[in-house]
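First the structure, in the form of structure tokens, and then the observations on it.
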């Protein structure tokens, strides 16, 4: 008997992406306001030391790690008052703590690594990279939600950082994730790629944009592709998703069917947009393009969308 799951890929494409191997269980339904203090009193708790979108990494001959002991994090003047507890991994509490990380004075074996470096690095264990992404997203959310959106009064952290409560109107505020569609438009044996002015030199990627209120994913794919490139889209097929802590998004990857081929872009959101054939995309991924054009790094969802298209159409 056929099943609706017959065409599900194994392993899931999403599981192969950066930040996707986060093994932290938040267990928000069973939390109390004492969970953070209990974690801070537990000698087995592991810590992430963070500052301004960066995390402290310890590099030794045994490998790189972001999880630190209490003894280690105490070297960096941790701000336990503003710490959060993303959850539990392998039976141990994980606590993210703002810390004083001065890159100019850091000594071996420690160094600071920003979130994009964590994404593209092969040295940090995937489960720790996922935990870093989660922690940075949560800490940014706390930083930008100091006041209630209903009455404007100050809010404060509860449940170890998985909720904020308004002191005045008692509103409960939960962390947010902004959905973003990222899509590869296909027509014949070509795909549509563009580059924004903020991209690294020679870098081309899939088009992307935020999902607007009231939209389905498919509608967002069609609208964003039309707005950015002028290309009209028909069918849309979901591929994979990736946590994206820049600052707190979920990238929703898709393929879409181009019904037109004449490109039109404004030169502001995109500085270039054009069709690429299979051989050119493969050369970009393998870093051997004649004009030194490049695809995004391998742990990004854009690279996987492009790579899977090459594989499926080989």
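The values are calculated or read from the model by the stated rules, or taken from the named source; none is laboratory data. Bear in mind that the values here come from a model prediction, so they are computed numbers and not experimental data. Here the Cβ positions follow ideal geometry from the backbone for every residue, glycine too, while neighbour counts run over all protein chains shown.
Might you check whether a residue that is under 29 Å from residue 53 (Cβ atoms) and without any contact (Cβ under 8 Å) to a residue 12 or more places away in the chain occurs anywhere in segment 276-290? Break it down stepwise before answering.
Of all residues in segment 276-290, those under 29 Å from residue 53 (Cβ atoms) come to 284-285, 287.
Checking the rest, the ones that are also without any contact (Cβ under 8 Å) to a residue 12 or more places away in the chain come to 287.
Looking for residues that are under 29 Å from residue 53 (Cβ atoms) and without any contact (Cβ under 8 Å) to a residue 12 or more places away in the chain, one finds at least one in segment 276-290, hence yes.
Provide a single number: the residues in segment 212-233 that are touching a helix residue (DSSP H, G or I) at 6+ places or on another chain (Cβ under 9 Å) and either surrounded by fewer than 20 Cβ atoms within 10 Å (Cβ to Cβ) or not in a loop (DSSP other than H, G, I, E, B) (or both). Spell out the reasoning first.
So in segment 212-233, the residues touching a helix residue (DSSP H, G or I) at 6+ places or on another chain (Cβ under 9 Å) come out as 212, 215, 231-233.
Okay, now just the ones that are also either surrounded by fewer than 20 Cβ atoms within 10 Å (Cβ to Cβ) or not in a loop (DSSP other than H, G, I, E, B) (or both), so 212, 215, 232-233.
Going through segment 212-233 one residue at a time, the tally reaches 4.
Does residue 179 qualify as being surrounded by fewer than 17 Cβ atoms within 10 Å (Cβ to Cβ), part of a strand (DSSP E or B), under 21 Å from the mean Cα position of the chain (by Cα) and touching a residue at least 24 places away in the same chain (Cβ under 8 Å)? So that I can check it myself, show each step before the final result.
Working: surrounded by fewer than 17 Cβ atoms within 10 Å (Cβ to Cβ): yes; part of a strand (DSSP E or B): yes; under 21 Å from the mean Cα position of the chain (by Cα): yes; touching a residue at least 24 places away in the same chain (Cβ under 8 Å): yes.
In short, yes.
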(request) Could you tell me whether segment 63-77 includes any residue that is closer than 17 Å to residue 129 by Cβ and out of contact with any strand residue (DSSP E or B) (no Cβ under 7 Å at 6 or more places or on another chain)? (result) yes
(request) Taking residue 86 as the residue in question, decide whether it is within 19 Å of the chain's Cα centre (by Cα) and at pLDDT 95 or above. (result) yes
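From the list 160, 209, pick out the single residue that is touching a strand residue (DSSP E or B) at 6+ places or on another chain (Cβ under 9 Å), under 30 Å from residue 148 (Cα atoms), in contact (Cβ under 8 Å) with a residue 12 or more places away in the chain and crowded, with 22+ Cβ neighbours inside 10 Å.
Numbers: 209 fails: crowded, with 22+ Cβ neighbours inside 10 Å.
Within the list 160, 209, the selection yields 160.
Tell me which strands (runs of 3 or more DSSP E) are completely within segment 80-124 and hold 2 or more residues being free of Cβ contacts under 8 Å to residues at least 60 places away in the same chain, touching a helix residue (DSSP H, G or I) at 6+ places or on another chain (Cβ under 7 Å) and assigned by TED's automatic domain parsing to the domain that holds residue 67, or say none if there are none. Don't jump to the end; show me each part of the working.
On the way: elements: 84-89, 92-98, 110-114.
Ranges flagged: 92-98.
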